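Below is one structure, written out as structure tokens; comments come after it.
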Amino acid sequence: MTLAGKRILLIISGGIAAYKSLDLIRRLRERGAAVRPVMTAGAQAFVTPLAVGALAADRVFTDLFSREDEQDVGHIRLARGCDLVLIAPATADLMAKMANGLADDLASTILLATDRPVLAAPAMNPKMWSHPATRRNHAILLGDSIRFIGPASGEMAESGEKGEGRMAEPLEIVAAVEAILDDAPKPLAGRTAIVTSGPTHEPIDPVRYIANRSSGKQGHAIAAALARLGADVTLVSGPVTIADPQGVRTVHVERAEEMLEAVVKALPADIAVMVAAVADWRVAIAAGNKIKKQPGEAPPPLLLTENPDILKTIGHHEKRPALVVGFAAETQDILANGRAKLQRKGADYIVANDVSAGTGIMGGDRNTVKVIGKSGVEDWPEASKQDVATQLAALIASHFA
């Protein structure tokens with residue numbers, strides 16, 4: 001249990017993303033953390049203290065002027081009796097209070113009184129997040145050593161608008177909490193790692209592109225897991241809708257050629273983990289304008305050319321990392337294809353999974369993999385992508401032990 005014995009004070013403020021706090025509590029507790037919830041009045045309009053308390057298995061604190069709690073200065077006790085204060089969601093209103101030192105309810109008073117690390121997961125309308133006032137408050141809070149996870153880009157639940165403002169997913173928040181509170185040994189300290197993640201988008205015209213279905217969840221989780229073990233990680237990410245992992249240097253690219261260029265630029269490195277689902281082909285010459293349908297005519301042919309093989313390039317590079325790990329998303333003959341890829345690409349391990357059905361389907365939160373090495377195959381049981389990442393990082397650390 002990565003958070004065993006850790007005490008998290010969870011502040012839930014008012015916003016539609018408050019419903020995610022229920023899953024967040026479950027994820028924290030299944031990793032061994034004790035969660036003590038504090039809810040603002042706004043939060044109680046979206047989720048009930050009964051539901052929050054049931055999942056946390058603890059009392060929910062809501063009132064600054066509670067006669068019972070304030071007899072022993074309850075807000076100070078809450079502010080100090082934890083290992084970390086987590087705000088999820090963190091609304092524009094609460095961020096404004098924090099930035100200006102206001103303390104007119106229990107949540108804001110705790111935040112002014114705490115001497116513990118504070119992690120905030122913002123959630124608000126994209127216009128609110130991009131507003132100059134919110135940007136100023138965010139900058140002030142960063143200067144005050146408040147740490148942030150997200151927000152991510154995507155569609156807003158309450159308005160249908162798209163943009164930056166979605167609260168980070170519970171597992172991403174848990175990973176950020178683990179990174180802050182992790183006091184375990186750092187077996188990869190002093191090591192450098194390159195991780196690729198997500199799909200690539202190969203343009204057909206200014207509107208359309210060729211891509212794979214990768215969400216980036218597994219690659220981002222691996223980058224974060226390596227960073228937690230002390231590695232200096234460069235993550236080269238294709239287009240994804242999830243937040244950049246904490247403690248990782250992220251380079252954003254679109255096309256396979258850009259990804260290869262970024263990976264080679266990050267060399268030399270000790271470790272390379274090539275997780276990205278790179279499109280195998282691209283259009284030889286992308287159209288400068290949108291290709292229009294013509295009545296009665298067949299669609300225009302697409303002349304494809306092969307994209308660079310990033311894993312093979314790194315596996316045989318003159319600056320080849322000491323350990324090269326590749327991923328194989330297969331729909332049949334998983335072991336045979338994985339073993340062939342191990343040999344052909346010059347990798348030390350191939351992590352193979354069946355993406356045709358079950359937990360291996362791209363975009364999901366869980367995975368079942370086979371780790372193919374030169375000395376044999378390990379069948380790993382079904383697990384969350386976070387746990388697969390943790391186990392793979394441990395395997396990589398053991399290689400250098």
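When a/c reaches 1.5 or more, the comparison of a/b and b/c decides; with that in mind, is segment 184-253 rounded, prolate or oblate per its Cα gyration tensor? Prolate shape, in that a/c is at least 1.5 and a/b is the bigger ratio. List the lysines whose Cα lies under 25 Å from the Cα of K127, skipping any in the same chain that are fewer than 8 positions away. Cα-Cα hits under 25 Å: K20, K97, K162.
Hey, with R₀ at 56 Å, roughly what FRET efficiency would E257 and D63 work out to, going by the Cβ-Cβ distance, to 0.05? After rounding to 0.05, the efficiency reads 0.45. Comparing T305, A277, A401 along the charge dipole axis of segment 265-401, the residue lying farthest to the positive side is T305, per the Cβ-charge model. The mean sequence distance of close C-alpha pairs (under 8 Å, at least 6 residues apart), as a share of the length of the chain, puts its relative contact order at 11 percent.
Determine the calculated [θ] at 222 nm for the chain from helices alone, applying -39500 (n - 2.57) to every DSSP H run no shorter than 4 residues and normalising by the residue count; nearest 500 deg cm²/dmol. That calculation yields -9500 deg cm²/dmol at 222 nm. Of the peptides 364-370, 248-254, 15-21, the ranking by mean beta-carbon count within 10 Å, highest at the top, reads 15-21, 364-370, 248-254. In this structure the amide hydrogen of G216, modeled in the peptide plane, comes within under 5 Å of the amide hydrogens of G198, none closer than 5 places in sequence on its chain.
Relative to the longest principal axis of the C-alpha atoms of the chain, give the angle of the C-alpha long axis of helix 334-345, reported between 0 and 90° and rounded to the nearest 10°. Roughly 70 degrees between the two axes.
Remark: for residue pairs K312/K374; K217/K290; K312/K370; K265/K370; K319/K345, the C-alpha separation exceeds 24 Å in K217/K290; K265/K370.
In a reduced charge model with +1 at each Lys and Arg Cβ and -1 at each Asp and Glu Cβ, segment 260-401 shows a dipole moment near 440 debye about its Cα centre.
Rounded to the nearest whole angstrom, the semi-axes of the ellipsoid equivalent to the chain, taken from the Cα gyration tensor as √(5λ), stand at 41, 26, 18, largest first. Peptides 295-302, 28-35 ranked from most to least packed, by the mean per-residue count of other Cβ atoms within 10 Å: 28-35, 295-302.
Pairs of Cα atoms in segment 260-309 fall into 10 Å distance bins, from 0 up to the last occupied one, in shares of 18, 33, 25, 15, 8, 2 percent. Peptide packing for 161-169, 303-311 was compared via the average number of neighbouring C-beta atoms within 10 Å per residue; ordered from the highest value, the list is 161-169, 303-311. Listed values for segment 234-247 are Karplus-derived 3J(HN,Hα) couplings in whole Hz (6.51 cos²θ - 1.76 cosθ + 1.60, θ = phi - 60°), namely 10, 9, 9, 10, x, x, 9, 10, 9, 6, 4, x, 5, x, and x replaces Gly and Pro.
Candidates A139, I222, G165 compared by Cα position along the dipole of the chain: farthest toward the positive end lies I222, with charges placed on Cβ.
Which of rounded, prolate or oblate describes segment 351-401 when judged by the alpha-carbon gyration tensor and an a/c cut-off of 1.5? Cα axes put segment 351-401 in the oblate bin. Amide H contacts for F61 (H built 1.01 Å from N in the peptide plane; partners 5 or more residues away or on another chain; cut-off under 5 Å): V38, M39. For R213 and A103, what does the FRET efficiency come to when R0 = 30 Å and r is the distance between their Cβ atoms, rounded to the nearest 0.05? FRET efficiency, R213 to A103: 0.05.
Couplings 3J(HN,Hα) for segment 277-287, derived from phi with the Karplus relation 6.51 cos²θ - 1.76 cosθ + 1.60 (θ = phi - 60°), are 8, 6, 4, 5, 10, 9, 5, 4, 9, 6, 5 Hz, where x marks Gly and Pro. With 0.36 nm allotted per residue and the present C-alpha distance subtracted, the T305-R26 stretch has 95.7 nm of extension available.
Taking the alpha carbon gyration tensor of segment 192-400, multiplying each eigenvalue by 5 and rooting it gives semi-axes of 30, 19, 17 Å, largest first. Computed from point charges on the beta carbon alone (+1 for Lys and Arg, -1 for Asp and Glu), the dipole magnitude for the chain about its Cα centre is near 480 Debye.
Shape analysis of segment 7-181 based on the Cα gyration tensor places the equivalent ellipsoid semi-axes at 23, 18, 16 Å, largest first.
Each value in this text was obtained by applying a stated rule to the coordinates, not by laboratory testing. None of the values given here were measured: they were computed from a predicted structure. Every residue, glycine among them, receives a Cβ derived from its backbone with ideal geometry; neighbour counts consider all protein chains shown.
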